[in-house]
There are 2 protein chains.
Amino acid sequence: MVFAGQGDPRRSMALLWRDERPGGTRTRQWPGPKPALSVEVIVRAGIAVADAEGMAALSMRAVGERLGRTAMALYTYVPGKSELVDLMYDQVLAELPDDYDLAAGWRAAVTSWAEDTWEFYLRHPWVLQVSQARPVLGPHEYRALETLLALLYATGLDSAVLRPVVGALVHVVRGAARTVAESRAAAASTGVSDEDWWLARSGMLEEVVPDFAERFPLLVRLETEGAAPVTDDAVPYLEREARATFEGGLAVVLDGVEAAIRRTH
Amino acid sequence: MVFAGQGDPRRSMALLWRDERPGGTRTRQWPGPKPALSVEVIVRAGIAVADAEGMAALSMRAVGERLGRTAMALYTYVPGKSELVDLMYDQVLAELPDDYDLAAGWRAAVTSWAEDTWEFYLRHPWVLQVSQARPVLGPHEYRALETLLALLYATGLDSAVLRPVVGALVHVVRGAARTVAESRAAAASTGVSDEDWWLARSGMLEEVVPDFAERFPLLVRLETEGAAPVTDDAVPYLEREARATFEGGLAVVLDGVEAAIRRTH
DNA sequence: GACGTTACTTTATGGCGTAAGGAGACGGCA
DNA sequence: TGCCGTCTCCTTACGCCATAAAGTAACGTC
């Protein structure tokens, strides 16, 4: 798990918000060689590494190498790795849309939001590994939350009711996306596809635990009855399930929100 | 993130299920010195380290040291670190209760389950960092799922409907618990309490972003109106919020389940 | 041309997982 | 009784990691 930088918080904040006030990011510093890099370039390189190779492969060396520099060169621009991760996190959140149409009602809007967020996480799975406690407090993180709140306040619900709803929505989307993200990461890092992995394991289970069906009857029932229908053979089993969990889980939460609305009338 | 062992899956499975069939875990192997350790002892030491110092501090050296051995001594019993983590994970899941009373209805039972699971995660926060894709497939993990399914099938809902419900429940509980877990981990590893951290950051925010209230009006509204009431001063702010998110989020999901039940009648 | 500042490098420290090989303990057999 | 094969556990070593410290070279100003 990667934590928010424990270094000078003032410097972290200035970096996140690209502080332009006097005393913030320095402009035209005179002596010395011209900087070949910049915070932006480094953050972008970090995102590229994390997107391509995953969070586990994100090292200062790897980022430096991608820019033709050593790891230590980065420390001129960024206090350390955890601050770099914070900056990457907030930067990549800028991709999230913030213009949702409420004309078709809050439920349709929140569903679009969830869909966009889901796709965002699958595009940048490493984001799911950035710690959520002690939030990064960057501009794009705040903007993303503000966007969701605009949709939820359209329900007419109280702030006190909305608070856990925000949490539930975020957790359901993140949780389901995490399953896909980790599954892909595992496939990439081991070279074994989900299908092959599952086949090998389930075969072994039968061998090692012959009385499985008697010990876990409900599990077998859920597995055999409730499987998501195969609509596209190209999508592996685990991802199909995660997608169904995402859609179904979202629907359950939104049903709960509707119940809360009905209750206040 | 820690992935399931990519070593010999047969060996992993045998370890997880403590295979006693011929060819499984060997009994009375003759020559050589008597083993002073055992898989059980090592797994327990690993759990102790992770409970006390967090997943980040779990190293083969640390576990060995706790047993008065070197890191390499563990490799006689366990193929590698990721398998050890799998074993720790499944072992600690044995703590979860599996006898819930359905007499007061499924909703009360699921609420107790959620409460127990919540407490379990706070007791062993490192569990939240074990990868969920490619599940460990150990006996206690299956038992835990079977337990929850027994409560959910009492709703009378279809397997296909129940599947995403399981996901949503697990994600809401895990997500909220993760917030507390990461917050405590951050406090422990940096020595800065949530309160102090937040105070420092929010002060700096005001300084760096003076127009915050105009840029993020809904966020300010949620923050000022929706805060969880202070019932116990000993519980820090962030944990109080996470607890409210847990309770409220659970209620929203269960309301959604009730809506699904009503729909099928 | 000298000087102070800056960008970036090299080197070093102390962590990690784990491969390889060696030391010593022990049961079974001669 | 002593040897042998096997087993536990150790030391050593390798290649990663983040990053501290110190050195080198480029550059604007004087």
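Solvent-accessible surface of the protein assembly as shown, averaged per residue with a 1.4 angstrom probe and all protein chains in place: 47 square angstrom.
What is the magnitude of the charge dipole of segment A:205-265 about its Cα centre, with +1 placed on the Cβ of each Lys and Arg, -1 on the Cβ of each Asp and Glu, and no other charges, expressed in debye to the nearest 20?
Working: 6 positive and 13 negative charges, 105 e Å.
Value, rounded to 20: 500 debye.
Taking a temperature of 4 °C and a viscosity of 1.567 mPa s, what whole-number D in µm²/s does Stokes-Einstein yield for segment B:106-263 with Rh from Kirkwood over alpha carbon pairs? Approximately 72 µm²/s, per Stokes-Einstein.
Summary for A:E40: label point 7 Å along Cα→Cβ; distances to the equivalent points in the other copies, ascending, 6.2 nm. In chain B, Cα pairs under 8 Å separated by at least six residues give a relative contact order of 19 percent. Think of each Lys and Arg Cβ as +1 and each Asp and Glu Cβ as -1; about the Cα centre, that makes the dipole of segment B:90-189 roughly 400 debye.
What a 1.4 Å probe finds exposed on segment A:9-93 is 54% carbon and sulfur by accessible area, rounded to a whole percent.
Taking the inverse of the mean reciprocal distance over all distinct Cα pairs, the Kirkwood hydrodynamic radius of segment A:110-159 comes to 12.4 Å. For the rotation carrying A onto B, the chain A residue whose Cβ lies nearest the axis, with the distance in whole Å, reads A:G256, 2.
Normalised by residue number, the volume inside the convex hull of the Cα atoms of segment A:61-107 is 108 Å³ per residue. Straight-line reach from A:K34: taking Cα to Cα under 29 Å and skipping same-chain neighbours fewer than 8 places apart, the lysines in range are A:K81.
About the centre of its Cα atoms, the protein assembly as shown shows a dipole size close to 1580 debye [charges on the beta carbon of Lys, Arg (+1) and Asp, Glu (-1) only; nearest 20 debye]. Here segment B:9-93 was treated as a single set of alpha-carbon atoms; its pair distances binned every 5 Å from 0 give 3, 14, 26, 24, 19, 10, 4, 1 percent. Modelled spin labels at A:Q132 and A:R107, positioned 7 Å past Cα toward Cβ, are 2.4 nm from each other.
Each copy carries a label point for A:H265 at 7 Å from Cα toward Cβ; from one copy, the others' points are 2.0 nm away, ordered from shortest. Give the separation of the Cα centroids, segment A:64-128 to segment B:217-242, in Å. Cα centres, segment A:64-128 to segment B:217-242: 26 Å.
Average the reciprocal distances over every distinct pair of alpha-carbons in the protein assembly as shown, invert the result, and give the Kirkwood radius in Å.
Working: mean 1/r = 0.0400 Å⁻¹.
It works out to 25.0 Å.
Distances between copies at B:P79, taken between label points 7 Å from Cα along the C-beta direction, are 4.2 nm in increasing order.
One quarter of the surface of the convex hull around the alpha-carbon atoms of chain A equals 19.7 nm², the direction-averaged projected area.
In this view, the solvent-accessible surface of A:K81, computed with a 1.4 Å probe and all protein chains in place, comes to about 90 Å². By accessible area, using a 1.4 Å probe on protein heavy atoms only, segment A:115-265 has 57% of its surface on carbon and sulfur.
In order along segment B:116-126, the Karplus-derived 3J(HN,Hα) couplings, from 6.51 cos²θ - 1.76 cosθ + 1.60 at θ = phi - 60°, round to 5, 5, 4, 5, 4, 5, 6, 6, 10, x, 4 Hz, and Gly and Pro are given as x. Each label point was placed 7 Å from the Cα along the Cα-to-Cβ direction; for A:A71 and A:R262 their separation is 5.8 nm.
The A and B chains share an interface that buries close to 7700 Å² of accessible area, total over both sides, probe 1.4 Å.
Please quote Rg/Rh for segment B:174-265 to two decimal places, taking the Kirkwood radius as Rh and restricting both calculations to Cα atoms. Each step should come with its number before you reach the end.
Details: Rg = 17.2 Å, Rh = 15.8 Å.
Here Rg/Rh amounts to 1.09.
The values are calculated or read from the model by the stated rules, or taken from the named source; none is laboratory data. None of these values were measured; they are calculated from a predicted model. When we count neighbours, we look across all protein chains shown, and the Cβ atoms used for this are built from the backbone with ideal geometry, even at glycine. Surface accessibility is based on the protein's heavy atoms, side chains included, excluding ligands, DNA and RNA. Shrake-Rupley method; radii C 1.70, N 1.55, O 1.52, S 1.80 Å.
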